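Comments concern the structure below.
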Amino acid sequence: MSAFKYSLIAISAAAATAAVTSLIAAHETSASPLQTAASLAVPSAERGAYLIKTSGCGDCHTPLKMGPKGPEPDLPRAYSGHPADLKMPPAPRLGEGPWIWAGAATNTAFAGPWGVSYAMNLTPDTETGLGLWTEQQFVATLRTGRHLGVSRPVLPPMPIGATSEMSDSDLRSLYAYLRTIKPVRNRVPDPAPAQ
């Protein structure tokens, strides 16, 4: 083979390698937040959005309303918790047996052996939501299962067993994302202990 052909082969191989490397780099930068170890270490609102959506936080913290095909999320109230304008009647009495808890049609109020609990307002509203909470208080709450990290217990069905196992970076990412959503003024009732 002539030197010219070897040069063409070498140039072609280098170009192909560069093209593949560029494609891999482009894929990694446009991939989901779970793709690289570096993305796991740096808190970001983008990763927080991913975690909020895949962890089902809106299932309880966004009230349901009746739509044409049944219950659906009330999106203007996304992450605002139990609607303040929905006054709940006394919780149903549940006897011994397999039925030990009940939930409201909005999926934001729950009754069980712990009493009655309400999904809290996660929006950054400064009067009724997380607007005045620090990142440290938020992380401590989800890590310890205590309101503000030091106060009353966070009640079921909040999955504290799961959130307490999340990395600090992921908890900080949740906080970062929740700071970006629309504040909704909605004062959620305090929980009522079991009687």
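Details
- Scanning the range 128-142 for residues that are touching an Asp or Glu at 6+ places or on another chain (Cβ under 8 Å) and either part of a loop (DSSP other than H, G, I, E, B) or over 13 Å from residue 168 (Cβ atoms) (or both) turns up just one, 131.
- Per the conditions (1) exposed (fewer than 10 other Cβ atoms within 10 Å of the Cβ); (2) small (Gly, Ala, Ser); (3) under 27 Å from the mean Cα position of the chain (by Cα); (4) modelled with pLDDT under 50, the sole criterion not satisfied by residue 3 is (3).
- Close pairs from the range 138-156: first on the phi < 0 side of the Ramachandran plot and surrounded by fewer than 18 Cβ atoms within 10 Å (Cβ to Cβ), partner among the hydrophobic types (A, V, I, L, M, F, W, C) and modelled with pLDDT under 95, Cβ under 7 Å, at least 6 apart: 156/114
- All positions within the range 117-137 that are of a type in the set (Val, Ile, Thr) and surrounded by fewer than 18 Cβ atoms within 10 Å (Cβ to Cβ): 126, 134
- Close pairs from the range 54-81: first at positive phi and of a type outside the set (Asp, Glu), partner part of a helix (DSSP H, G or I) and surrounded by 11 or more Cβ atoms within 10 Å (Cβ to Cβ), Cβ under 9 Å, at least 6 apart: 79/52; 79/57; 79/58; 79/61; 79/178; 81/60; 81/61
- Only one of the numbered conditions (1) surrounded by 15 or more Cβ atoms within 10 Å (Cβ to Cβ); (2) assigned to a loop (DSSP other than H, G, I, E, B); (3) of a type in the set (A, V, I, L, M) is violated by residue 176, and that is (2).
- Residue that is farthest from residue 48 (Cα to Cα), among those in the range 129-159 that are modelled with pLDDT under 95 and aliphatic (A, V, I, L, M): 150
The values are calculated or read from the model by the stated rules, or taken from the named source; none is laboratory data. Predicted, not measured: the structure shown is a model, and the values here were computed from it. Positions of Cβ are generated from backbone atoms using ideal geometry, with glycine treated the same way; all protein chains shown enter the neighbour counts.
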